[in-house]
């Protein structure tokens with residue numbers, strides 16, 4: 001495994017967030033010029049020399065063993081998602097710009113499945129949370145992704161930049177920060193991807209919140225949970241979501257939202273589904289949500 005500069009940046013940010021008390025390190029004396037742990041404290045907790053740990057943070061081309069990486073993860077109190085991201089940054093680092101990848105496509109059978117579960121909102125998400133397909137109810141609940149320009153059919157972009165999303169999600173900051181954290185995970189798995197770099201640049205230019213969250217190197221791996229919405233047509237809803245990996249394409253996810261049986265939220269979804277017949281809200285098969293490297 002080689003090492004990337006992003007790997008070193010990640011270690012530095014994780015070190016800065018920990019106090020000696022948090023990490024179980026004894027104060028080594030002297031005034032602290034930087035927040036968080038010193039490099040020598042992380043090195044001591046990890047069982048490596050200060051010089052070796054310094055080279056890790058500086059992006060030197062060294063090859064740490066799994067045992068060393070596990071020790072560093074423990075010293076920095078990384079959770080499982082953060083540790084997986086650290087390994088991705090180390091394993092998938094690339095020294096040059098990425099080349100265009102294949103167009104993301106949704107299998108016809110998966111599109112049929114979206115129609116079959118029409119009583120619940122469902123989306124197919126690709127790389128970077130590009131919205132590759134969605135059923136009618138998902139687009140009535142969120143936005144008509146099919147009507148957006150192809151380059152704008154991205155869930156994270158919509159959540160961060162569209163004022164309608166800020167009004168829809170009652171816990172917008174939590175939802176948006178998690179979306180940014182998921183984008184961080186994608187960067188770790190696919191570094192130097194041109195489309196991702198373009199998306200990150202756009203979000204950084206237009207959103208102060210994004211710049212702060214991105215600088216914090218937060219990662220998010222939550223595949224299930226709940227969201228609270230205030231829809232302009234049907235009012236308040238509380239929905240659960242499940243995000244399922246598709247075994248035939250690890251870069252595609254099926255996200256399904258549902259309401260508790262007998263709840264007002266289920267009534268609201270039903271009203272939304274049958275109260276507005278609208279148009280088909282599926283991303284056209286002939287025009288993908290976002291082209292790799294385009």
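The values are calculated or read from the model by the stated rules, or taken from the named source; none is laboratory data. Model, not experiment: these values are computed from the prediction. Note: ideal-geometry Cβ built from the backbone for every residue, glycine included; neighbour counts use all protein chains shown.
Of the residues 206, 139, 230, which single one is in contact (Cβ under 8 Å) with a residue 40 or more places away in the chain and touching a strand residue (DSSP E or B) at 6+ places or on another chain (Cβ under 6 Å)?
Only one candidate qualifies: 230.
Sort out for me the helices (runs of 4 or more DSSP H) sitting completely within the stretch 138-193 that have 3 or more residues that are crowded, with 22+ Cβ neighbours inside 10 Å.
155-161, 172-189
Identify all residues within the stretch 164-199 that are more than 11 Å from the chain's Cα centre (by Cα) and modelled with pLDDT of 95 or more; write none if there are none.
Selection gives 164, 165, 166, 167, 168, 169, 170, 171, 172, 173, 174, 199.
Checking the conditions here, which among 69, 76, 89, 110 is buried (at least 17 other Cβ atoms within 10 Å of the Cβ), modelled with pLDDT of 90 or more and closer than 19 Å to residue 181 by Cα?
The unique qualifying residue is 76.
Return the residues of the stretch 205-223 that are surrounded by 12 or more Cβ atoms within 10 Å (Cβ to Cβ) and part of a loop (DSSP other than H, G, I, E, B); say none if nothing qualifies.
207, 216, 217, 218, 219, 220, 221, 223
What single numbered condition from (1) in contact with a helix residue (DSSP H, G or I) (Cβ under 6 Å, 6 or more places away or on another chain); (2) more than 26 Å from residue 113 (Cα to Cα); (3) at pLDDT 95 or above fails to hold for residue 217?
(3)
When you scan the stretch 224-236, do you find a residue that is in contact with a helix residue (DSSP H, G or I) (Cβ under 9 Å, 6 or more places away or on another chain), part of a loop (DSSP other than H, G, I, E, B) and closer than 18 Å to residue 155 by Cβ, even just one?
no
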